[in-house]
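Structure first, then comments.
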Amino acid sequence: MTWPSHVGNEKGSLMAEAALTMVALVGIVSGGLAICYFSFAHVWLERASYESLICLSTSASVSTCESKIRAMIRGGLPFGRLLSLQLERSENLARIDLRFSVYKHATLHLRQNLQLPLRTENDQGSIL
Amino acid sequence: MKNENGFITSAFLILLPLFVAVLASITAAYFLFTADSRARQVCRVEVLNAQTTLAKDLNRLIDMNTQAAALRAKRKQAEALAASGQPQAVAALQAVIAEQIAFSAQQRLLLMKARLLSRTAPSVALTKAMASIRKSAFGFAAFDFSAEAINGSAHSAAFDVLPSPPTDLTPNYRPSALFTRNQEMRARWAFDVAKLLPPWLRRLVQAQGLHRRSEGDCSATIEKGRKWEPKMTVARP
């Protein structure tokens, strides 16, 4: 028994449409997840930077603070690569500059400063 | 057409739970993350405020040493004169002693206040940090931030100053050699993330070996700079 030719054509076009729909769905979901991961990476890196500035405000050495932030980034962001990391401490300023590549050209660049010594609202200025 | 609809529905049904699960995980991570950040901030502000007050108290106590030494010298002089037994000299000695008692009360009051704050501030910081975690968690009702879920510890500072001479009524006070170390106050808290989840989800997470521990701490001390100043420290175990 043979199928009429128009049935075969219809089946083929249905398959093609279904495949396209599937690709579109996977694309949308992957895109959504990528945006979520990118946003999370940004928030996580901001926090890691802040924590490393707090670390620099203590007597800990710059290399100790650097190892800490590297471990924190590794622990929180399984995908992506740290391109550069610079930590500096002077008498009245702690500074961090980092670049993190989430995927190829999707790079995050963060720069933060913290006035030293740390003070709270009760003691002029609110830095903490 | 029916087939196509069926295929889309199936694909949607397969991908939707995955998407929802990932989204829920990211939301949960975000809540935990903000709760942790706020708690650290609250704790840091608390211990740094306490150490700022204590540093001022310590500097004031040290500044009082000049007057304490002057009173000791004055008393020595008055005692030497009073040894003759002259009523005027004895009266003068009594006046100096009264002055010393009043001054000593000021020193002791300052010391008592500082020691009390050194002892209580870390516990207050811990309580505030844990309250902040619970408050943040109300945004995410699935978490159970009951008292059993989080455990914490607070380490008090000693405000370790030594009187010199030790038996005098108005001694000079100076920080001990280990003052900075002994003055470190810290608060530490930890919770098993799985314990915060509702029981049905907890079992699933534990079965998958996904449970993680979240830890936070803050600590500060007082260090000698131009004067004694508060400083954040890296919490020691």
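The values are calculated or read from the model by the stated rules, or taken from the named source; none is laboratory data. Keep in mind the model is a prediction, meaning the values are calculated, not measured. Positions of Cβ are generated from backbone atoms using ideal geometry, with glycine treated the same way; all protein chains shown enter the neighbour counts.
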* Asked: Can you tell me which residue in segment A:50-108 is farthest from residue B:219 (Cα to Cα), limited to those that are aromatic (Phe, Trp, Tyr) and in contact (Cβ under 8 Å) with a residue 60 or more places away in the chain?
  -> A:103
* Asked: Do you know which residues across segment B:152-203 are modelled with pLDDT under 85 and surrounded by fewer than 21 Cβ atoms within 10 Å (Cβ to Cβ)?
  -> B:192, B:193, B:194, B:195, B:197, B:198, B:199, B:200, B:201, B:202, B:203
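Here's the yes/no breakdown for (1) more than 11 Å from chain A (Cβ to nearest Cβ); (2) at pLDDT 95 or above; (3) closer than 30 Å to residue B:168 by Cα:
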position	(1), (2), (3)
B:27	no, no, no
B:31	yes, no, no
B:49	no, no, no
B:65	yes, yes, yes
B:75	yes, yes, yes
B:82	yes, no, yes
B:99	yes, yes, yes
B:109	yes, yes, yes
* Only one of A:51, A:17, A:66 that is acidic (Asp, Glu), farther than 29 Å from residue B:35 by Cβ and outside any strand (DSSP E or B) -> A:17
* **Unmet requirement for residue B:14, which otherwise passes all of (1) modelled with pLDDT of 95 or more; (2) surrounded by fewer than 16 Cβ atoms within 10 Å (Cβ to Cβ)** => (1)
* Out of the residues in segment A:111-128 that are assigned to a strand (DSSP E or B) and surrounded by fewer than 16 Cβ atoms within 10 Å (Cβ to Cβ), state the one that is modelled with the lowest pLDDT. => A:115
* To do: Scan segment A:21-41 residue by residue and report those that are buried (at least 17 other Cβ atoms within 10 Å of the Cβ) and more than 7 Å from chain B (Cβ to nearest Cβ).
  => A:37, A:41
* To do: Check residue B:42 against each of (1) without any contact (Cβ under 8 Å) to a residue 60 or more places away in the chain; (2) β-branched (Val, Ile, Thr); (3) over 21 Å from residue B:225 (Cβ atoms) and name the one condition it does not meet.
  => (1)
* Structure fact -> Matching residues in segment B:84-101 (free of Cβ contacts under 8 Å to residues at least 40 places away in the same chain and surrounded by 11 or more Cβ atoms within 10 Å (Cβ to Cβ)) number 10
* Conditions (1) surrounded by fewer than 12 Cβ atoms within 10 Å (Cβ to Cβ); (2) farther than 30 Å from residue B:19 by Cα; (3) within 26 Å of the chain's Cα centre (by Cα): number failed by residue A:52 -> (1)
* Asked: Among the residues of segment B:204-232, how many are out of contact with any His (no Cβ under 6 Å at 6 or more places or on another chain) and modelled with pLDDT under 70?
  -> 8
* To do: Tell me which residues, restricted to segment B:51-63, are away from chain A (no Cβ under 14 Å) and farther than 16 Å from residue B:116 by Cα.
  => B:60, B:62, B:63
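Could you check segment A:54-63 and list, in sequence order, the residues that are within 9 Å of another protein chain (Cβ to nearest Cβ) and in a helix (DSSP H, G or I)?
Of everything in segment A:54-63, those that are within 9 Å of another protein chain (Cβ to nearest Cβ) and in a helix (DSSP H, G or I) turn out to be A:54, A:55.
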* Taking the stated definitions as given, is residue A:57 buried (at least 17 other Cβ atoms within 10 Å of the Cβ), of a type in the set (S, T, N, Q) and modelled with pLDDT of 85 or more? -> yes
* Would it be correct to say that residue A:37 is within 30 Å of residue B:180 (Cα to Cα) and touching a residue at least 12 places away in the same chain (Cβ under 8 Å)? -> no
